[in-house]
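Comments concern the structure below.
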Amino acid sequence: MSTTHIRQELSELEANLRKEIGALPQFIEILGAHYANLSLGELIDRLAQSHLAEHPLFCRLNRLDAAFCQLDLGLYGLCSDCETEIETERLTQDPTEQRCSSCAEHYQHEHRHELRLSH
């Protein structure tokens, strides 16, 4: 997959996440009416300073920001833990995926207690 195609896919995901934000009054209350003009980093910073940092949408925004950064650095598609290539199926399913299947399984096992508490 080309960098241009990946960037387009991530941009579409960002547009969808921004639509979700627009549908949630509690986000608009924190971000203000002009949230659409904020950069992704500014959105994340403002939400991090609020009680909405625990919201699943905040996690998705962080993952999206990480994917954009990895793309800019030429590291997109590499596992953040072991640095091997993430399986194409995983990236197709979720273009913001940060781990290969092996590391994701290990991470879930190691953090199962934390993951259970956050759901």
remark   = Among Ser39, Cys79, Gln93, the residue whose Cα sits farthest towards the positive end of the charge dipole of the chain (+1 at Cβ of Lys and Arg, -1 at Cβ of Asp and Glu, taken about the Cα centre) is Ser39
request  = Let me have the relative contact order for the chain, percent, based on Cα pairs under 8 Å that are six or more residues apart.
outcome  = 20 percent
About the Cα centre, charge dipole magnitude for the chain (Lys/Arg +1, Asp/Glu -1 at Cβ), debye = 320 debye
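Any idea of the accessible area per residue across the chain, 1.4 Å probe, to the nearest Å²? If you can, show how the numbers build up before the last one.
Values: 7780 Å² over 119 residues.
Result: 65 Å² per residue.
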request  = Report which label in (i) 11, 21, 17, 15, 12, 10, 6, 4, 2, 1; (ii) 12, 40, 34, 14, 0; (iii) 15, 53, 31, 1 holds the value of P(r) over Cα pairs in 10 Å bins from 0, in percent derived from the coordinates of this structure.
outcome  = (ii)
task = Could you list which residues have their amide H under 5 Å from that of Leu78, counting only those 5 or more apart in sequence or on another chain, with H placed in the peptide plane?
result = Ile86
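Order these peptides, 33-40, 7-14, by their mean beta-carbon neighbour count within 10 angstrom, highest first. Show your work: numbers first, answer last.
Details: 33-40: 11.5, 7-14: 15.1.
The peptides rank, most packed first, as 7-14, 33-40.
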inquiry  = What is the percent carbon and sulfur in the accessible area of the chain, measuring with a 1.4 Å probe over the protein chains and ignoring ligands?
reply    = 51 percent
request  = Using the Kyte-Doolittle scale, find the helices of the chain whose mean hydropathy is at least 0.0 and whose Cα atoms extend 20 Å or more along the helix's long axis, counting only whole DSSP H runs.
outcome  = 56-73
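The values are calculated or read from the model by the stated rules, or taken from the named source; none is laboratory data. Quick caveat, the model's predicted, so the values are computed rather than measured. Virtual Cβ from ideal backbone geometry, glycine too; neighbours counted across all protein chains shown. When the accessible area is computed, the model is the full protein with side chains, heavy atoms only, and any ligands, DNA or RNA have been set aside. Shrake-Rupley method; radii C 1.70, N 1.55, O 1.52, S 1.80 Å.
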